[in-house]
Structures are given as structure tokens and as C-alpha cells.
Number of protein chains: 2
Amino acid sequence: MNTFDLTPWERKNALDVLISILEKYYSGESVTRVSPPLNISEIRASVESADFSQPVSAANAVIRITEALESYIVHLGHPMYYGLFNPRPNFPSILADIISAFYNPQLAAWSHSPWASEVENYLIRLIGEKIGFPAQDTDGVFATGGAEANITAVQCALNHFFPDYGEKGALALSRRPLIYCSAEAHHSVIRAAKVSGLGRESVRPVPVNQRLEMDIAALEDMLRKDISGSYLPFMVIGTAGTTGTGAIDDLTSVADIAEKYNLWFHTDSAWGGAALLVPEMKPLLKGIEKSDSVTLDIHKWLSVTMSASMFITRHPDILGRTFRITTEYMPREAGKLDVVDPFSHSIQWSRRFTGLKLYLSLMVFGWKGYEEMIVNMTAAGVRLKKLLEQNNWEILNNTPLPLACFTDPGLKSDSEFIPWLSSAVVASGKAWVSVYPVRGINTIRACITNYNTSEENLEALVKTAGEFRSDYRDPGSIN
Amino acid sequence: MNTFDLTPWERKNALDVLISILEKYYSGESVTRVSPPLNISEIRASVESADFSQPVSAANAVIRITEALESYIVHLGHPMYYGLFNPRPNFPSILADIISAFYNPQLAAWSHSPWASEVENYLIRLIGEKIGFPAQDTDGVFATGGAEANITAVQCALNHFFPDYGEKGALALSRRPLIYCSAEAHHSVIRAAKVSGLGRESVRPVPVNQRLEMDIAALEDMLRKDISGSYLPFMVIGTAGTTGTGAIDDLTSVADIAEKYNLWFHTDSAWGGAALLVPEMKPLLKGIEKSDSVTLDIHKWLSVTMSASMFITRHPDILGRTFRITTEYMPREAGKLDVVDPFSHSIQWSRRFTGLKLYLSLMVFGWKGYEEMIVNMTAAGVRLKKLLEQNNWEILNNTPLPLACFTDPGLKSDSEFIPWLSSAVVASGKAWVSVYPVRGINTIRACITNYNTSEENLEALVKTAGEFRSDYRDPGSIN
């Protein structure tokens, strides 16, 4: 057996083989279909063909694995993937992942990875500035995704209002604490309430208005009733870009309600927060600066590889009060320095250097590059909606973000049409779209998630959808 | 501005430049000191020198970043790093990270990444077999680290015993639920209790015996008192390899107690679980097969890059009952297949393809390669302890794992000696060790975490410690 380092020749050979395969994939040469057929027994046979009693060379292993991935995953970086905001990963973030893998810095104790810790702090301050938080109050932490960032938000809000929560937990509460969010909010809010020991009953989904945004009057009405019903409202979550339809809640009004009723105001801008980087789009998020905390996924519109999110707050002490635990075994070299140990700010303990993906992307593209990318994709969204309308599709959602939820005006009452159409499009391998019900009516949900999706790609999507619609109306018309 | 893909030439150039730097680092050519001096203003100046209004080429960016990392982090992959089980990352796991970055599979819906999901399921079944769980009952999920895996365990135990927990949370409990673990257990257990809404008061640290293992008689005594005191004991956590001293609790006895008092028995074998892969070491973990669930960090002794852990349980339905949430927007293509959506088993939602690191490592090294690596490192631990004793150091911990907690027999009562020695060793850049108090006596904690740490490295550690000891006794004797 070799050492676990392999030999220099084996390393070079495996990397050469791998990089050449990956370049073909990244440049779009090796894959045409967006998504694979779901042949589960074939997939399982492929997985289980790896025999761990018969080692193979690293070069051989990467060939087999990349073949399997090219055959059996949805290609999220394909320009015809119109999905659930999984981005095409930008190249600098890939480089960042390679760097993190080799140096493998560990973000638990500051003194183990001071440069990495400070990079993350720097980015938190800069994004805090974009939000509009006072510089001296900004704090935050990198998370694996919006789900972890939203749990972090619920934890901070609980520890802010119930100082005994860390010691005594939810058991010490005589009344049920309540979290309010749009009925269209991401379901990670419900999971956050469950994980935090509140339970699903502590989440109050607020009805949405015609624009699918949180109905502020309904919110206030619910609050009044719950307060007189001896509940403890403590948190309201505004969403900037709902997963289903891209709705952006009226954050200024949510902030006003939060202030009036003394609630922690969290903004889940996992997707839409990217608009903070574009001066002319920032007004869409007006009010976000009044948030107590914000979720911003960088593995969504900021187009870095999985898994990467940011939680940012304007309460500089709350993360420490929520997560700090003193231990004997953690390094103390930094004991006298004015620094923060990452593990004292996070649900995680030892973790990966997530912030590098954004840092390296910003070094290469600059704020300006991000701004242009987001503006271009937003314009592509406008273009897609126009193309759809020109082709007699009806768009049922309202959002400035590049997401269209559409159906055929004549087939709206046919509940089978859209699921059939979505399955047909996905099965064709020509595009990936999903189904989302808007006010009870099924629609095709097509979101522009890839900065490379071009005018031709948009036309191809509309053409494919149109062909299948014809086929649905008149089976056999295409084939 | 370029596209976020960069041009093919820019990609090739950046990768060429980067790979050549990384190969020098990985082969040990570019770094000599284990840890950097902590010059915080220099570090911050380096971080903030990146000007995001002045983009640089990707090649330039990776040069600057790798220079900074080589100057300003502790080099966990250095053979003289004797730290907190941060491994040297094996090469196949680095390849896996590169692959995951390019393909960027998303593990939320099974149908998005069927091959990746099935790879993780396959590994969970295989490791479940090594634990000794019945094949048909084994389930699990990959996590970011032991902290997340331990939260997952607490969540599963709560949902198992309190079926209303997900709906009503801890508020519905009339009595306080209690978790028992060794006083030497990892503090992520306390954080798990806090995050889960139980609070720190729900964790009962059980005193340890002379071997620093959980005192089983004390555990039973505490249980009896707590039950008659109207508490609700529901969980006991055995540790297989404590962070401080490498103690392995008597898991068979813990299992007996768990059965007698109807507790969820979780084994935190984040570090020591690697012994499952070595037939002659497996008896050290006897009783683990009776666990309800197990934490095994693969970014510890299995030597893959951050962040990677496994949570494995023999309750096939508990993860789904704990974490499943039905949503409108998640893909349904796999609706009729007998598969599990990763997001329904995890605290996370969209996440990285973590399992690939272990899959690729096993393809290249096989079970046999892992077995040899773990046996060799265990033997190095025995050798280190022998060298220390030969050089008049006293070892205060008891563990078969490669970890020595040592002090000078004549300086035991001098509480300043060990912190001074640790600081001196770390500041010299020759090795990285930490301080850990064993039964109130400070010791140097030196753990073999790197499969490349050689006999010469062990001798160098003992020599360095000896020289500084002489200097402490007789200042000025070395310089």
C-alpha cells in the first residue's frame, strides 16, 4: 500500500486525467441532456460496482466517478437548467474549493486559521455595509446554507428575548413563543422552529396578498389576536425572493410591525439578497437595513459552489451569547487578542473555509463584475417573460427576479396539464423546470439560475414548452 | 468583464499556476514552521489588501491567497502537528472535493442527484455493517461534523421518545428531559441541548473514573436520583475517544444502563469510530453495536478534507420522522420510487456531496488500506508514549488511541510549567501541541493526527519538549 498521499507521479497523473475531464464538462462539451433518466437499478448497480476490497488507481477512480456523475445527476450548471436556484458554479469558487481542500484550514479556533477567520470577518463587514448595518455593530457567521442560517436566526432571536433559553431551554417558557412568516416562506423556517424545540405550532404562516407577498394587515391582525390569546410573538421573518414565485415581502412594513410589537426581524434573502450588490436593484429590498439579522446564500445568486451561506446581524454580541461554550481543550493562543473563535459563533464546531469562495470571486470579478452579472440575469428574466407572453403563455407570479411561473390560459382549469408538461420537458432532457401552484393554479416554474443562459436558451425553452403544449392538445402532433 | 466562467485560457492558466503551488505545499517543500506567529495587524492588513474595486486575474488571486495561507494558518497537514484531530487530508479526498466543486451536485432532492444520494446511502449501509447494525434497519445521513451529527442524535432521541416534540416542541413537556454523558465528552453535546431547546440544564455530566471513562456506578446513581426527582432521563451518550485524553467509555455497560432505564443510547465515536475498520481494534468499541445511533467523523481519523461526518442509526424511520417537511416546491420526479430525499433526513437542506470523499478514498485505498493506516498510527502512538517515558516524562492519560497527555514528574505541582512549555513549543514553529488538564494536573496533549508522522517526527517532538524543559529549569541553557 502507498501512503495516503499517493506518490508524486500518481498525484500528477490523477490530476491531469481529472482536470482534462472536468474542463470538457465545464465547457459544455461532454453533456447534452440536462437531466438523466431515473433508472434506479442502473444507478444503484453503478454505485455498488465499486469494490473496496479491490483498490484501483486514483486516475481510474476519477474516470469512473466522473462518468457516473455525467450520466446520473441533473446538470445544475447547464444553461437549460431553470431550477431551484442551484447556480452554475463560477470558476473562482471552484479554485477556492481546491485551495480549501489542499490547505484544509479548520475554522473552529481563531488561532488555528487566523487568516481564514479574518477573511470571513472582512466579508461579513462588507456585506453588512451593503445591507446598511452600522459598521461597529455588524457581526455574522458563514453557514452551510439558508437552512442553517435560518436556524441561527431563530436561535439568536430566542436568546435575545429569553436570556434563560440557553440554560433552561423552551421548558422555562410559560407561554408559546411565535414566529411569523409569509405562507410562501421557505420551509426551513418550520424546520428551524422544530429543531429549536419550539415545534411547528410556533410558526404562524401569514396569508399572502395578490402579489404573493406577506399580507401586512393580516400579519398585524394575527399578532393582535395571538397577544390577547396569551402567546408570545417574538420573531417575524420577511422573505426577499420566495422560492416558489420570487415574491419580495414589503420589508419596510414588516420592519414597522416588528418595531411596534417588539419582534426580532429576520430577513431571509437567501436568493434575493444578491440585489444588494446592484445599486439600482437595492430599493427592491428597502427595509432590509432595519432587520435584526439577514440570511444571504452565496451558493445561490452569487454563484459559488455548494454549500455556502451567510448569516449577518446588527447585534454584535448575540452570536457569542447564543453559541459560546468554554472548553478546556480548545486552543488558547489567541486568548489575549481581540478576536472571535469561529466555533463560538456557529452551530458547527470545526468547519470548512467557506468564505474563501466569495473572497476569491470578488477578487477576480470585483463588485462591478457581480453587479453586471446580476443585472444581466435580471434582464434575461424580463426577456423570458416577454417571450412567454408572446407565445400565449400566462404568467401568474409577480417578481422583479428572473423567475416566471406560467401556464396556458386555456388549460388553467386542467390540473393535469402542468404536471404532464413539466414531466415531458424534464424527460426530454432539453430543459429542467418544475411545477409550482400559484393561488391554487399549477404553473411551470422556470427560474434563470445560470449566468450563461443566453437568448437562444430562453427561446429554446419557450419553443420546447410550446411543442409539448401542442402535443398535449393534439397527441401525436410532434414526435 | 468576462463571463463568470473565465476564458478557457484563464481557466487553464489559473489551474496550472495553482496546482504547481499546491503540489509544493502538499509535498512539504514550501512550509517549514507548523504554525505562524500571530501578528494580528499584519494578518488583517493582508486580508484587507484585496481591493474589490480593482479585479485581478484568477492566477494572480490564487498566488496571493496561497501565499497568505502559507504564512498565516496552522499547517494541520504538517507531520509535526499533534493537535485536535485535524487530519492531514488524504489525496483522494482532495480529488473528491475538486469533483464536487465542478459538478456541484445538490443533495436536497434525490431526483436531482440520484447517483450522489445512492453513494451516500451505500456508505451508510457499509459503515452500519461495521458497527454491527442490522442491515435492514440501518439509516443515516452525512453531516458537516461531529457537532451537527450530535445535534441530529439529540433531535432523533427527542422525536423518538416525545412524538409531539416536532409539533409542540419542548414546551409540551411537563418534566425536564435529561441527557447523560461523561464529564469528558465533547462540548458539542451541551450545544446540541441548547440548540434543541432543552438548555444546558438538561445535560448531566457524569464523573469519570481513574481511566477518565464515564463512571458507570455514578451514572446509575444519578439516574435513580433524577427519576425520583421527577426528571425525564431520555438519552445517554457514550464517547469512544474523548477529545481531551482519548478515553473510550465502557460502551457495553452504557448499553446495559440504556436498556434498563429505557434511554436512547448514542455513541459519539467522532474520532475513535475509525477503529471499526480494524478487526483487532474493534473490541475497543464493544457495545457500540447496541447504540441507537453513532457519530463518526470522516474528517478526523479517516483523513478526508473538512467538513465531513456521518450520523448512523438503527432506527430506519427516525430521521424521516424528525426532519421531513412536505413542500410544494421540491421536485417530485422520484415520487413513485422507493428512495429518500436527502433534505428529509438532515438539518441542512441543499448540501454538498460530502460522501464522495469517503467513497473515492475507499476506491483507492480499500478497507485494507484504511486498516493499515489506522494500525500504523496506533503503533506510532505506542512508540510516542514509550519515547516520552524513556525521556522522563509522565503520561497521565489511559488510551489505546495515539494520544499522550504528559508532564514532568518533578514539575507536576508547578501550574505554570505546562502552559509555558506549550506556548514555547508552538511559538518555536517546530511542533504544535496543546494543554489539557488531567484530573486537575496540566499536561501537554500530543495526538498523532497525520498518517505521515514518522519515527523521526516523534523523536523530534520529544527532543524539542526536552530542550524547552531544560530551558525552563535552567533559563538560558538553550538559545
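Since every read-out is calculated from the coordinates, none of them should be taken as a lab result. Source: prediction; values computed, not measured. Because the Cβ atoms are built from the backbone with ideal geometry, glycine has one as well, and the counts that use them run over all protein chains shown.
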Roughly what would the spin-label model give for residue A:415 and residue B:200, points 7 Å off Cα along C-beta, in nm?
-> 5.3 nm
Near residue A:243, within a Cβ-to-Cβ distance under 12 Å, what is the net charge of the other residues, with Lys and Arg +1 and Asp and Glu -1?
-> -2
Between residue B:175 and residue B:439, what length comes free when the chain is fully extended (0.36 nm per residue of separation minus the Cα-Cα distance, one decimal in nm)?
-> 91.7 nm
Using alpha carbon centers only, segment A:212-286 is separated from segment B:238-298 by a whole-angstrom value of 45 Å
Between segment A:147-179 and segment B:63-81, what is the C-alpha centre distance in whole Å?
-> 39 Å
May I ask you to order A:345-355, A:255-265 by the average number of other C-beta atoms within 10 Å around their residues, highest value first?
-> A:345-355, A:255-265
Protection-proxy order for peptides B:443-454, B:215-226, each taking the mean of Cβ atoms within 10 Å per residue, highest first | B:443-454, B:215-226
Compute the distance in nm between two label points, each set 7 Å from the Cα along the Cα-to-Cβ direction, one at residue A:327 and one at residue A:40.
-> 3.9 nm
Averaged over A:443-449, how many beta carbons belonging to a partner chain fall within 10 Å of each residue's beta carbon?
-> 0
Cα shape, the protein assembly as shown, gyration tensor, a/c 1.5 rule | prolate
Net charge, residue A:64 excluded, C-beta distance under 14 Å - Lys, Arg +1, Asp, Glu -1 | -4
Relative contact order computed over segment A:361-460 (Cα-Cα under 8 Å; 6+ residues apart), in percent = 26 percent
Among A:430/B:336; B:386/B:412; A:357/B:300; B:24/B:357; A:24/A:130; B:130/B:336, the pairs whose Cα-Cα distance exceeds 26 Å are A:24/A:130; B:130/B:336
Least to most buried among B:269, B:41, by other C-beta atoms within 10 Å and fewest first, runs B:41, B:269
Give the distance, in whole Å, between the Cα centre of segment B:458-478 and the Cα centre of segment B:114-130.
-> 48 Å
Label-to-label distance, nm, for residues given as residue B:7 and residue B:383 (7 Å Cα→Cβ offset) = 5.2 nm
Which percent, to the nearest 5, of DSSP beta bridges fully inside segment A:106-352 are antiparallel?
-> 40 percent
Contact order normalised by residue count of segment B:292-396, Cα under 8 Å, 6+ apart, percent = 21 percent
Straight-distance crosslink candidates among lysines, where the alpha carbon sits under 25 Å from residue B:168 and sequence neighbours closer than 8 are dropped = A:168, A:194, A:225, B:194
Peptides ranked, highest mean first, by Cβ atoms within 10 Å: ranges A:287-297, B:325-335 = A:287-297, B:325-335
When Cβ neighbours within 10 Å are restricted to other protein chains, what is their mean count per residue of peptide A:357-368?
-> 6
Give me a single rounded figure for B:61-71: the average over its residues of other chain Cβ atoms within 10 Å of their Cβ.
-> 5
Could you tell me whether chain A comes out rounded, prolate or oblate from its Cα gyration tensor? Rule is a ≥ b ≥ c as square roots of the eigenvalues, rounded for a/c under 1.5, then prolate if a/b exceeds b/c, otherwise oblate.
-> oblate
Picking from B:415, A:135, B:223, whose Cα lies most toward the positive end of the charge dipole for the protein assembly as shown (charges on Cβ: Lys, Arg +1; Asp, Glu -1)?
-> B:223
Proximal aspartates and glutamates relative to residue A:12, as straight alpha-carbon distance under 12 Å, when same-chain residues fewer than 8 apart are discounted = B:16, B:23
Sum up the charges of everything whose Cβ sits under 15 Å from the Cβ of residue A:215, counting Lys and Arg as +1 and Asp and Glu as -1, but leave residue A:215 out.
-> -2
For segment A:171-285: relative contact order, % (alpha-carbon pairs under 8 angstrom, 6 or more apart) | 25 percent
